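The values are calculated or read from the model by the stated rules, or taken from the named source; none is laboratory data. Everything numeric here is computed off the predicted structure, so don't read it as measured data. Cβ placement follows ideal geometry from the backbone for every residue including glycine, while neighbour counts extend to all protein chains displayed.
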Amino acid sequence: MTRLTPATAPPGTRVRAFGPSAPVGIVHLGIGAFHRAHQAVYTQEADPDGAWGICGVTQRSATVAGHLRPQDGLYTVLQRDADHTRADVVSQVHDVIDGSTETGRLTERLADPRVQVVTLTVTEKGYRPGGAVGRLIDGLQARRRADAGPVTVLSCDNLSGNGEVLSRLVLDHRDDDLAAWAATNVRFPSSMVDRIVPATTPADRDEVARRLGVDDAGLVVAEPFRQWVIEDRFAAARPAWEKAGAELVTDVAPYERRKLRVLNGTHSLLAYLGALAGYPTIAEAVADDSLAGAAWQLIEHDVAPTLAADGLDVTGYGRTVLERFANPALRHRTVQVAMDGTQKLGPRLLGTIRDARAVGHLPRAATLAVAAWMVYVERATTENDLPLDDPQADVLREAVGSSSDLVAALLSLEAVFGADLPEDREFRALLGDLVAQVRAGSIR
């Protein structure tokens with residue numbers, strides 16, 4: 001079948017320049033499915049004239065570049081809920097760079113004075129020396145030398161205080177010239193992003209081919225719901241994202257905590273328990289009354305009390321989250337959500353546990369989610385019937401294989417659990433009991 005290109009795109013698709021010479025105002029590090037279904041959509045809706053073209057940068061693989069370059073950056077967002085489906089072609093990506101091989105071209109883009117915003121979705125594991133952060137530092141150093149003007153660096157990853165985290169990584173690089181320049185010319189606002197974007201399947205591609213009459217290698221699938229809360233602190237110009245529904249606020253932190261602990265925390269709980277119970281998707285997992293009950297207990301009894309001082313509606317938000325998870329059209333795979341657990345447990349679940357323990361509460365559902373992760377790791381290691389997709393996979397396998405006490409072995413990973421939780425006797429005892437229940441399949 002004919003591939004999606006400007007020549008074959010549906011009527012009304014905006015046609016514009018694509019490639020190294022195309023005008024770009026935003027460089028995005030980590031042009032995966034989430035960015036294409038979220039920030040790029042907001043930007044297109046806020047930028048009808050195409051003045052804020054995006055240069056998308058791949059991280060570890062050139063796959064997305066191979067998908068989008070032959071299509072001049074065009075791709076489809078297939079939006080689904082239980083009753084409706086729509087397919088929209090997005091044309092906001094004006095260039096694509098393979099970050100693993102085209103580092104010189106990336107540095108040039110970051111030093112271009114026309115670029116005034118850099119955004120990132122590199123996942124939790126991307127916030128470490130080297131990788132995306134190292135490429136960003138190289139680009140900012142080149143920008144300083146070129147006197148290319150101020151720039152805003154906007155993290156869109158699931159990290160508490162993501163702007164502050166990114167700022168520290170950049171400014172602690174021990175380059176005094178860069179730090180002094182950045183103090184005047186760079187801002188690192190925080191943001192909170194939300195949209196469920198499951199992995200694209202061959203059936204999704206077939207549906208778009210039927211609807212549009214073209215083959216789209218860059219297709220992404222998403223739910224109708226979306227949210228973007230942005231700290232209104234910019235060093236230079238930006239797209240009018242608020243025209244597309246983004247919320248510009250003075251403090252993102254309450255929204256971040258609510259999303260991480262309610263949505264992402266229950267997502268992880270359902271992913272681990274669901275995968276262990278044999279449910280392929282989150283929608284099937286939340287359709288199980290016992291798993292849905294555990295998710296609601298996490299929201300109402302564990303998370304909500306820890307967020308009371310933030311002044312946001314937690315339980316109403318939680319009901320909306322569970323309704324979204326139940327959307328059967330998304331087919332968000334449990335094992336996809338289960339990946340990178342060592343990076344996700346802290347912001348999603350352990351913060352809730354620590355806050356609850358500080359006031360003497362023993363959070364049963366949050367601890368159940370940790371127990372489910374432990375049993376998931378054990379089963380992925382010993383039975384090899386579940387994928388263990390984690391940057392610390394080798395460390396986890398060694399820990400599981402070196403001890404007959406699963407709880408002790410995994411709690412000993414200080415990078416995940418710190419020094420405090422392993423010393424909490426009540427928490428440790430409850431965790432042991434819940435691990436035994438999860439192993440026995442008796443959480444009901």
| Residues of segment 251-277 being without any contact (Cβ under 8 Å) to a residue 60 or more places away in the chain and more than 15 Å from Ala304 (Cβ to Cβ), which ones? | Asp251
| query | Among the residues of segment 101-111, is any crowded, with 19+ Cβ neighbours inside 10 Å, over 26 Å from Ala37 (Cα atoms) and at pLDDT 95 or above? | reply | yes
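Each row is one residue, and each column tells you yes or no for (1) in the same structural domain as Leu345 (by TED's automatic domain parsing); (2) small (Gly, Ala, Ser); (3) under 26 Å from the mean Cα position of the chain (by Cα); (4) at pLDDT 95 or above.
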position	(1), (2), (3), (4)
Arg145	no, no, no, yes
Gly163	no, yes, yes, yes
Asp175	no, no, no, no
Ala179	no, yes, no, no
Val197	no, no, yes, no
| task | Determine if segment 39-52 includes at least one residue that is among the small types (Gly, Ala, Ser), surrounded by 23 or more Cβ atoms within 10 Å (Cβ to Cβ) and in contact (Cβ under 8 Å) with a residue 24 or more places away in the chain. | result | yes
| query | Within the bounds of segment 69-86, is there any residue that is of a type in the set (Ser, Thr, Tyr), crowded, with 22+ Cβ neighbours inside 10 Å, more than 26 Å from Asp172 (Cα to Cα) and modelled with pLDDT of 95 or more? | reply | yes
| remark: Being modelled with pLDDT of 95 or more and surrounded by fewer than 21 Cβ atoms within 10 Å (Cβ to Cβ) narrows Gly265, Gly278 down to just Gly278
| request: Would you check if Pro150 is assigned by TED's automatic domain parsing to the domain that holds Val90, in contact (Cβ under 8 Å) with a residue 40 or more places away in the chain, touching a strand residue (DSSP E or B) at 6+ places or on another chain (Cβ under 6 Å) and not hydrophobic (A, V, I, L, M, F, W, C)? | output: no
| Matching option when the condition is surrounded by 14 or more Cβ atoms within 10 Å (Cβ to Cβ) and over 19 Å from Val303 (Cβ atoms), among Leu410, Leu362, Leu421, Leu431 | Leu410
| task | With the checklist (1) touching a residue at least 60 places away in the same chain (Cβ under 8 Å); (2) in contact with a His (Cβ under 9 Å, 6 or more places away or on another chain) in hand, flag the one item Val321 doesn't pass. | result | (1)
| task | Those residues that are among the acidic types (Asp, Glu) and either in a loop (DSSP other than H, G, I, E, B) or buried (at least 21 other Cβ atoms within 10 Å of the Cβ) (or both), I need them from segment 128-182; list them, please. | result | Asp147, Asp157, Asp172, Asp175
| request: State all residues of segment 371-411 that are of a type in the set (S, T, N, Q) and free of Cβ contacts under 8 Å to residues at least 24 places away in the same chain; if no residue qualifies, say none. | output: Thr381, Thr382, Asn384, Ser402, Ser403, Ser404
| said: Show me the strands (runs of 3 or more DSSP E) found entirely inside segment 22-120 where at least 1 residues are more than 25 Å from Arg135 (Cα to Cα). | reply: 75-80, 85-90
| remark: When segment 281-303 is checked residue by residue, the ones that are crowded, with 24+ Cβ neighbours inside 10 Å and acidic (Asp, Glu) are Asp302
| request: Using the structure shown, decide if Val375 is β-branched (Val, Ile, Thr), out of contact with any Gly (no Cβ under 7 Å at 6 or more places or on another chain) and crowded, with 19+ Cβ neighbours inside 10 Å. | output: yes
| message | I'm checking my understanding of the structure. Among residues of segment 183-206 that are touching a residue at least 24 places away in the same chain (Cβ under 8 Å) and of a type in the set (D, E, K, R), which one is surrounded by the fewest Cβ atoms within 10 Å (Cβ to Cβ)? | response | Arg187
| task | Among the numbered conditions (1) in contact (Cβ under 8 Å) with a residue 12 or more places away in the chain; (2) aliphatic (A, V, I, L, M); (3) within 20 Å of Pro347 (Cβ to Cβ), tell me where Leu248 comes up short. | result | (3)
